[in-house]
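Scroll down for the structure; my scribbles are underneath it.
Laboratory data are not the source of any read-out in this text; all were calculated from the coordinates shown. Small disclaimer: the values here were computed from a predicted structure and weren't measured. Here the Cβ positions follow ideal geometry from the backbone for every residue, glycine too, while neighbour counts run over all protein chains shown.
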Amino acid sequence: GNSVTQMEGPVTLSEEAFLTINCTYTATGYPSLFWYVQYPGEGLQLLLKATKADDKGSNKGFEATYRKETTSFHLEKGSVQVSDSAVYFCALKISNFGNEKLTFGTGTRLTIIP
Amino acid sequence: NAGVMQNPRHLVRRRGQEARLRCSPMKGHSHVYWYRQLPEEGLKFMVYLQKENIIDESGMPKERFSAEFPKEGPSILRIQQVVRGDSAAYFCASSPAGYYEQYFGPGTRLTVT
């Protein structure tokens, strides 16, 4: 079956630090990969995505590269801000007719301190 | 352009009661997905619906849970005879078609006492 393994948290960093959140996956087929962010009390927002090997997704200073050889999609940001404090979810989807479900990791809670 | 709407945002039920959760997709979206988030866990897929059709219910518990998406009106996730273990956040997402990005609502937080 399909699964996503995410770096466990919580992660606490100082403002302007470098961020890496690891994500690896197991999939039958060729998945699309996603990072979602959940702010307190809110639903999930798509942060970035990549649909094929070697694609790089980027948004709001965050980046992740689809690495097929290591089955990974690690999230990085060069300089985090307090406003980046949230829970981050890695997810995959293999689109077949009738099968559009997202498979999520367990989430990584990130706290940025000033 | 309103996003995905869910109501109620918070729902408290006693054990044995029924819970009805509503989801109105974004305008122009005819595909709806329900996910459940247990405390300190990731989201788990429950069911995927199009108007008047259940496409994939592989994540739905076999008993007490049902979902519908009628031709008119919101999608409904119904939980009969709730138990404490049903306490969770239930998220709805919608998309214009199956392949496209899923947009999530703010969720309904169900507490069973």
**Request:** Can you give me the three principal axis dimensions of the protein assembly as shown from its C-alpha atoms, in Å, biggest first?
**Result:** 48, 39, 36
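Taking the Cα centre of chain B as origin, work out the dipole magnitude from +1 charges on Lys and Arg Cβ and -1 charges on Asp and Glu Cβ, in debye rounded to 20. Mind dumping the intermediate values first?
On the way: 16 positive and 11 negative charges, 97 e Å.
Computed about the Cα centre, the dipole is about 460 debye.
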**Asked** When only Cα pairs under 8 Å and 6 or more residues apart are kept, what is the percent relative contact order across the stretch A:36-75?
**Response** 25 percent
**Message:** Could you derive backbone 3J(HN,Hα) for the stretch B:18-32 from the dihedral phi with the Karplus parameters 6.51, -1.76 and 1.60 (θ = phi - 60°), listing whole Hz in sequence and x where the residue is Gly or Pro?
**Reply:** 9, 10, 10, 10, 10, 9, 9, x, 4, 4, x, 9, 10, 10, 10
**Fill in**
With a 30 Å threshold on alpha-carbon distance, the violating pairs from A:LYS56/B:LYS71; A:LYS60/B:LYS62; A:LYS68/B:LYS44; A:LYS101/B:LYS27; A:LYS60/A:LYS101; A:LYS68/B:LYS51 are A:LYS56/B:LYS71; A:LYS60/B:LYS62; A:LYS68/B:LYS51
**Asked** In debye to the nearest 20, how big a dipole does the protein assembly as shown give about its Cα centre with +1 on each Lys and Arg Cβ and -1 on each Asp and Glu Cβ?
**Response** 760 debye
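Taking trypsin sites (Lys or Arg not before Pro) that fall in a DSSP loop and have at most 14 other Cβ atoms within 10 Å as cut points, what is the longest piece of chain B between them?
Working: sites that count: B:ARG9, B:ARG14, B:ARG15, B:LYS27, B:LYS51, B:LYS62, B:LYS71.
In chain B, the maximal stretch lacking such sites is B:72-113.
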**Request:** Can you find, among B:GLN6, A:ASN22, A:SER58, the residue farthest towards the positive end of the dipole of the protein assembly as shown? Put +1 on the C-beta of Lys and Arg, -1 on that of Asp and Glu.
**Result:** B:GLN6
**Message:** Could you check the spin-label model distance between A:ASN99 and B:MET26? Points 7 Å from the Cα along Cα→Cβ, value in nm.
**Reply:** 2.6 nm
**Message:** I'd like the Karplus ³J(HN,Hα) series for the stretch A:33-44: coefficients 6.51, -1.76, 1.60, θ = phi - 60°, whole numbers in Hz, and an x wherever there's a Gly or Pro.
**Reply:** 10, 9, 10, 10, 10, 10, 7, x, x, 10, x, 7
**Request:** Would you mind checking which residues have amide H under 5 Å from A:LEU48's amide H? H placed 1.01 Å from N; only 5 or more apart, or other chain.
**Result:** A:TRP35
**Request:** Using the Karplus curve 6.51 cos²θ - 1.76 cosθ + 1.60 with θ = phi - 60°, work out ³J(HN,Hα) for each residue of the stretch B:95-109 in order, rounded to whole Hz, and write x for Gly and Pro.
**Result:** 8, x, 7, x, 6, 7, 4, 8, 9, 9, x, x, x, 10, 9
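Would you mind telling me the antiparallel percentage of the DSSP bridges in chain A, rounded to 5?
Values: 35 of 39 bridges.
Antiparallel: roughly 90 percent of the beta bridges in chain A.
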**Prompt:** Whose amide H sits under 5 Å from the amide H of A:HIS74, counting only residues 5 or more places off or on another chain, with H placed in the peptide plane?
**Reply:** A:CYS23, A:THR65
**Complete:** So, relative contact order of chain B in percent, Cα under 8 Å, 6 or more apart, is 37 percent
**Message:** Using only the alpha-carbon atoms, what does the stretch A:1-70 span along each of its principal axes? Please give whole angstrom values in decreasing order.
**Reply:** 37, 23, 20
**Message:** Charges on Cβ only, +1 for Lys and Arg, -1 for Asp and Glu, centred on the Cα centroid of chain A; of A:ALA91, A:GLY107, A:LEU44, which one is farthest towards the dipole's positive end?
**Reply:** A:ALA91
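For the stretch A:59-101, rounded, prolate or oblate, judged on the Cα gyration tensor with a ≥ b ≥ c (square roots of eigenvalues), a/c < 1.5 rounded, else prolate if a/b > b/c? If you can, show how the numbers build up before the last one.
Numbers: a/c = 3.29, a/b = 1.76, b/c = 1.87.
Oblate is the answer for the stretch A:59-101, as a/c is 1.5 or above yet b/c matches or exceeds a/b.
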**Message:** Explain nothing, just the number: dipole magnitude of chain A about its Cα centre with +1 on each Lys and Arg Cβ and -1 on each Asp and Glu Cβ, in debye rounded to the nearest 20.
**Reply:** 340 debye
**Asked** What number, in percent, do you get for the relative contact order of chain A if the mean sequence gap of Cα pairs under 8 Å and at least 6 apart is divided by its residue count?
**Response** 36 percent
**Asked** For chain B, what D do you get in µm² per second when you plug the Kirkwood radius from alpha-carbon pairs into Stokes-Einstein at 37 °C and 0.692 mPa s?
**Response** 236 µm²/s
